[in-house]
Amino acid sequence: MELDTFLALTWFEMLLMLNKKNPKKNPQKDEKNTSLSQKNAPLLKKNTSLSQKNASLSPKNASDPRLPRYLQVRDDLLKRIVLRSWAADEALPSEEKLAAEYDIAVGTMRKVLDTLVNDGIVDRVRGRGTFVACAAERSSMLRFVRAQGKTRNELPVTHIRSMTTAIPPAAVAEKLKLKPRDKTLYLHRTRSLNDEIVLSEHIWLPLARFRKLQKYLKSNSPPFLYPVYESECDVLVSRAIDDLTAKPLNRANAAVFKLKTKTVAICVERLMLDHAGEPVEWRSSFVPAERFQYSAEVR
């Protein structure tokens, strides 16, 4: 055996001997540290969970690195909103804090938030901050109805006429991006003022996301559905795409309003999206022409 190899082996054997002769120097200290770690484990687990919820997404789910930096930050903020790091109507951290977190200029962060405002993901309230958008109020179908209640702020009486689960028509399945055999929760409901039906709605929802809603609606008839989507199904709606046309009522829809067939009504076809841009509701609503109103401020 060569001398260098012999010396190397001898040195390795000496190290092994030293390790055997020198066990842990302070086992009581190690035991104390172990006990402390076990005691703090729930707290560590809680903090880890909170960090995972609020942290930026991993590189695997990150935005395309070829995009400009402000678009990468926009995509990451959007994903955090989708993961519910902030609740509906909850304020985001200030522009300065977010800019520091992402290591970008405040002006760049303002540009990021501008894009989210334009997409309807967040709302800016002057003097208060930037909030996660909630479409519950501004997307209410009641804005298309000329209200003539007994009192100014009277809400129409809501009545669910039918509720079923079934495979939807092909056109509805396409709007909701459903697979061929996917089922929907279908609702037909009306809303009335002074015992007169002013709005008839046909609503389709992906059953996979709205199973809990069916049980809730068997014993409740809320005036607004969007807040219930969030409270019962954890589905937060972000924006609506409305398409308005004038159509003659068919026999079934005319019977709901107690009007003659082919009476002209306004049909509002709506696709509702969540913050991730995924469709969550397709709705076809009818308002008799004489009860229809629409106003919009254009700047």
* Among (1) in contact (Cβ under 8 Å) with a residue 60 or more places away in the chain; (2) surrounded by fewer than 19 Cβ atoms within 10 Å (Cβ to Cβ); (3) not acidic (Asp, Glu), where does residue 206 come up short? -> (2)
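Among the candidates 189, 181, which residue alone is within 25 Å of the chain's Cα centre (by Cα), basic (Lys, Arg) and open to solvent by less than 30 Å² (accessible area, probe 1.4 Å)? Please lay out each step first, then the result.
Details: 181 fails: open to solvent by less than 30 Å² (accessible area, probe 1.4 Å).
Residue meeting the stated conditions: 189.
Being among the β-branched types (Val, Ile, Thr) and open to solvent by less than 20 Å² (accessible area, probe 1.4 Å) is the filter; apply it to the range 242-271 and report the residue that is farthest from the chain's Cα centre (by Cα).
Of the range 242-271, the ones among the β-branched types (Val, Ile, Thr) are 245, 256, 261, 263-264, 266, 268.
Checking which are open to solvent by less than 20 Å² (accessible area, probe 1.4 Å) leaves us with 256, 268.
Details: 256: 33, 268: 23 Å.
Across the range 242-271, the extreme among qualifying residues is 256.
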* residue 299 fails exactly one of the following numbered conditions: (1) farther than 25 Å from residue 195 by Cβ; (2) open to solvent by 20 Å² or more (accessible area, probe 1.4 Å); (3) at pLDDT below 90; (4) touching a Lys or Arg at 6+ places or on another chain (Cβ under 8 Å). What is the number of that condition? -> (4)
* Asked: at pLDDT below 90, open to solvent by less than 40 Å² (accessible area, probe 1.4 Å), outside any loop (DSSP other than H, G, I, E, B) and not hydroxyl-bearing (Ser, Thr, Tyr) - does that describe any residue in the range 150-167?
  -> no
* Structure fact -> Of (1) in a helix (DSSP H, G or I); (2) in contact with a Leu (Cβ under 6 Å, 6 or more places away or on another chain); (3) open to solvent by 60 Å² or more (accessible area, probe 1.4 Å), residue 239 satisfies every one except (1)
* Which numbered condition residue 268 misses (of (1) assigned to a strand (DSSP E or B); (2) more than 29 Å from residue 87 (Cβ to Cβ)) -> (2)
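Of the residues 232, 174, 196, which single one is charged (D, E, K, R) and surrounded by 18 or more Cβ atoms within 10 Å (Cβ to Cβ)?
Working: 174 fails: surrounded by 18 or more Cβ atoms within 10 Å (Cβ to Cβ); 196 fails: surrounded by 18 or more Cβ atoms within 10 Å (Cβ to Cβ).
Only one candidate passes the filter, namely 232.
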* **Qualifying residues in the range 272-296 (those that are farther than 27 Å from residue 82 by Cα and exposed (fewer than 15 other Cβ atoms within 10 Å of the Cβ)) - the one modelled with the highest pLDDT** => 289
* Structure fact -> In the range 181-220, residues that are in contact with a His (Cβ under 9 Å, 6 or more places away or on another chain) and among the hydrophobic types (A, V, I, L, M, F, W, C) total 3
* To do: Output yes when any residue across the range 119-136 is within 22 Å of residue 213 (Cα to Cα), at pLDDT below 90 and in contact with a Pro (Cβ under 7 Å, 6 or more places away or on another chain), and no when none is.
  => yes
* **the range 77-110: number of residues that are surrounded by 17 or more Cβ atoms within 10 Å (Cβ to Cβ) and among the acidic types (Asp, Glu)** => 1
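The values are calculated or read from the model by the stated rules, or taken from the named source; none is laboratory data. In this text, all values refer to a predicted model and were calculated from it rather than measured experimentally. Reconstructed Cβ throughout: ideal geometry from the backbone, glycine too, with neighbour counts over all protein chains shown. Heavy atoms of the whole protein, side chains included, go into the accessibility calculation; ligands, DNA and RNA do not. Shrake-Rupley method; radii C 1.70, N 1.55, O 1.52, S 1.80 Å.
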